[in-house]
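Below: one structure, written as structure tokens.
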Amino acid sequence: MNFELSQEQLAIKQAARDFLAAKADLRAVRRQVEAGTYDGALWDGIRAQGWTGIAIPEAHGGAGLGFVELAVVMEEFGYACAPAPLLSNAAAAILLDHAGSDAQREKWLGGIASGEKHASAGGVLRDGTALVPDADAAEVIVVVERDSARLVERASATVTPVVTIDPTRRYFRVEAGEGEPLPGDVGAALQRVEVVLAAELVGVAQRAMEMAVEYARARQQFGRPIGAYQAVSHRCADMLVDVESARSATYFAAWAADAEPETLALAASVAKAAAAENGWKVAASALQVHGGIGFTWEHDLHFFMKRAAADARLFGSVGEHRDRVAAVYGLWQ
């Protein structure tokens, strides 16, 4: 079985890399973080690329591609640490497409696919409110609690900004009423959201590793690049293992979402646990390679560390996903 990306998927990956390098480089990321806003022109470009509807069926205005293609785009999105509401939009679309009613899909998916309508999704907190990324601009919010979800229109909800560790993504506390329940299999839909989130974490880890390797080659100590010293070179080698392990788990899960859904529950939890844990490990190791400069606001590495930390806690922590994997094998009840 060949799990290499196809030529079409590689073309999507390269197009995404080129677009984000031109429109959302780290200088642009920093400007948007410091301004506390998103760039409307960037979102218009994302819409023009067709990313808002990449995995939405053609019948609902999407491109009708699969989760591997969506994972490819989300990996590049994490690689750029782009500040735009693509993840939140994709999460809401996945939940509606795979757990919504025909009427709910008919009403919302077309606008979400084109990017004309913003949507988001988030989980319920212990106090009964929901933590939802990009909720302020969303016309519709999918509020998830365990294996059930409800659809809430933004006009009927109270949305309050929340400061989190990640300044590249905007978060909000949402207070909403009962809303309209999603009648389908919310658990299976959430597994697909977890795969998409894992893909973004892989991109974050890849970029942090590359930043560390570049610094290790350029920074000299005692007349030699610091990468020539075993303590640094071994750390960089470990980062590569962590990145590739997370990538393999994530792309298998993305493939399973389309081709072998009976294995998705296990594959999605393995992917999210691996990508979340390794994303943070790689970012933390990159900080160690950089030394004190990597800890400063002026250096860009902290954006990736903070995105990794926040993503790791969205839609289930590492521990929760490990418990799910253990339960599948009868190791934990």
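The values are calculated or read from the model by the stated rules, or taken from the named source; none is laboratory data. Since this is a predicted model, take the numbers as computed values, not measurements. Here Cβ is always computed from backbone atoms with ideal geometry, including for glycine, and neighbour counts include all displayed protein chains.
Every residue, every condition in (1) surrounded by fewer than 17 Cβ atoms within 10 Å (Cβ to Cβ); (2) modelled with pLDDT under 95; (3) not in a helix (DSSP H, G or I), yes or no:
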site	(1), (2), (3)
S233	yes, no, no
R247	no, no, no
A267	no, no, no
G294	no, yes, no
A308	no, no, no
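Determine whether A92 is free of Cβ contacts under 8 Å to residues at least 60 places away in the same chain, small (G, A, S) and closer than 29 Å to D166 by Cα. Taking the combined requirement at face value, the residue satisfies it. Looking across the range 145-161, just one residue is surrounded by 18 or more Cβ atoms within 10 Å (Cβ to Cβ) and either part of a helix (DSSP H, G or I) or touching a residue at least 60 places away in the same chain (Cβ under 8 Å) (or both), and that is R154.
Within the range 1-49, if we keep just the residues that are under 18 Å from Q206 (Cα atoms) and basic (K, R), the residue that is surrounded by the fewest Cβ atoms within 10 Å (Cβ to Cβ) turns out to be R17. So in the range 112-133, with the set limited to residues that are surrounded by fewer than 17 Cβ atoms within 10 Å (Cβ to Cβ) and of a type outside the set (D, E), which one is nearest to L86 (Cα to Cα)? This residue is S114. Residue count for the range 48-106, restricted to those that are over 20 Å from Q9 (Cβ atoms) and of a type in the set (D, E): 3.
In this entry, T168 is excluded by the filter for residues that are exposed (fewer than 15 other Cβ atoms within 10 Å of the Cβ), assigned by TED's automatic domain parsing to the domain that holds G111 and closer than 30 Å to A24 by Cα.
The rows are residues; the columns are (1) surrounded by 24 or more Cβ atoms within 10 Å (Cβ to Cβ); (2) in contact with a helix residue (DSSP H, G or I) (Cβ under 6 Å, 6 or more places away or on another chain); (3) of a type in the set (V, I, T).
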residue: I56; (1), (2), (3): yes, yes, yes
residue: G61; (1), (2), (3): no, yes, no
residue: G66; (1), (2), (3): no, yes, no
residue: A90; (1), (2), (3): yes, yes, no
residue: I94; (1), (2), (3): yes, yes, yes
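Taken together, D242, D300, D258, D323 contain a single residue that is modelled with pLDDT of 95 or more and under 29 Å from L95 (Cβ atoms), which is D258.
Against the definition (over 28 Å from L264 (Cα atoms) and at pLDDT 95 or above), how does P183 come out, yes or no? No; evaluated as a whole, the condition is false for this residue. Here is a check on your reading of the model: is G100 in contact with a strand residue (DSSP E or B) (Cβ under 9 Å, 6 or more places away or on another chain), within 25 Å of A198 (Cβ to Cβ) and surrounded by 24 or more Cβ atoms within 10 Å (Cβ to Cβ)? So G100 passes the test. Any residue at all in the range 121-132 that's out of contact with any strand residue (DSSP E or B) (no Cβ under 7 Å at 6 or more places or on another chain), outside any helix (DSSP H, G or I) and closer than 21 Å to A310 by Cβ? Among the residues of the range 121-132, at least one is out of contact with any strand residue (DSSP E or B) (no Cβ under 7 Å at 6 or more places or on another chain), outside any helix (DSSP H, G or I) and closer than 21 Å to A310 by Cβ, which makes the answer yes. Among the residues making up the range 220-235, a single one is within 9 Å of V289 (Cβ to Cβ) and without any contact (Cβ under 8 Å) to a residue 24 or more places away in the chain: G227.
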